[in-house]
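Okay, so here's the structure we're looking at.
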Amino acid sequence: MTKRTLLDRIKPKPPHAPGSEIAPEFWRTKSLAQMNEAEWEALCDGCGKCCVISLEDADTGELYRTDVACKLFDAAACGCSDYANRKSKAPDCVKLTPKNVPKLDWLPPTCAYRLVSEGRELYWWHYLISGDRESVHLANASARNKTRPEGRLKIPGLMKRIVQWPEPLDDPPAKGRGRRR
């Protein structure tokens, strides 16, 4: 018997429309620098973890992730509430570029930009693989509803908000798990 998963019930939607500016499987055939704007934006998995504030230990360089997100982060939608104007409203926001992605050690290890930069494959839950934008949330790989806005917190307050983020699921959840008759 073939193992079926929750994603088997979801009718995959193509991540790009025929004739669009997005080449099929562009993330496998192009470097970050070769991607056009539409492909670059499509590469984002929508996890929202790049909007979460991290603290770096000045002595060791170790990063500590908090559950505090940028003031523009919409925790329910798991995205920026004003993406087009984010740089003017949140001056600390870092615009990802092909040049700076390899240097940004605070990007989560599951970040699609980081993965492509390192020549690695996207995870099963990335919508370009799964065909479903909800799979990043099903995999527990996103910041959806797991953060609070930064408000006026300073470093001591942020230190109290350091958390251990859960690891994403290695495989899609099994269809019907936990449901018994």
Of the listed links LYS89/LYS160; LYS49/LYS71; LYS49/LYS146, those spanning more than 19 angstrom between alpha carbons are LYS89/LYS160
Quick calc, the chain, dipole around Cα centre from Cβ unit charges on Lys, Arg (+) and Asp, Glu (-), nearest 20 debye, gives 880
The Cα radius of gyration of region 37-114, divided by 2.2 N^0.38 Å with N its residue count, comes to 1.11
Relative contact order of region 28-159 (C-alpha contacts under 8 Å, at least 6 apart) in percent is 34
Exposure proxy check on ASP82, ASP57: fewest-to-most Cβ neighbours within 10 Å is ASP57, ASP82
Going fewest to most other Cβ atoms within 10 Å around each Cβ, CYS70, CYS93 line up as CYS93, CYS70
Note: probe point = Cα of LYS175 + 7 Å toward Cβ; backbone nitrogen < 17 Å; residues of region 128-153 passing the test are 130-132, 135
Once LEU153 and ARG120 are pulled to full extension, the length gained, defined as 0.36 nm per residue separation minus their Cα-Cα distance, is 8.3 nm
If R0 = 30 Å, then ARG28 and TRP106, at their Cβ-Cβ distance, give a FRET efficiency to the nearest 0.05 of 0.70
The chain: Kirkwood hydrodynamic radius (Cα pairs, Å) comes out at 17.9
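Bear in mind these aren't lab numbers, they're just calculated from the coordinates by the rules spelled out. Just so we're clear, the structure is a prediction, and the values are computed from it rather than from any experiment. Heads up, the Cβs are rebuilt from the backbone with ideal geometry, glycines too, and the neighbour counts pull from every protein chain shown.
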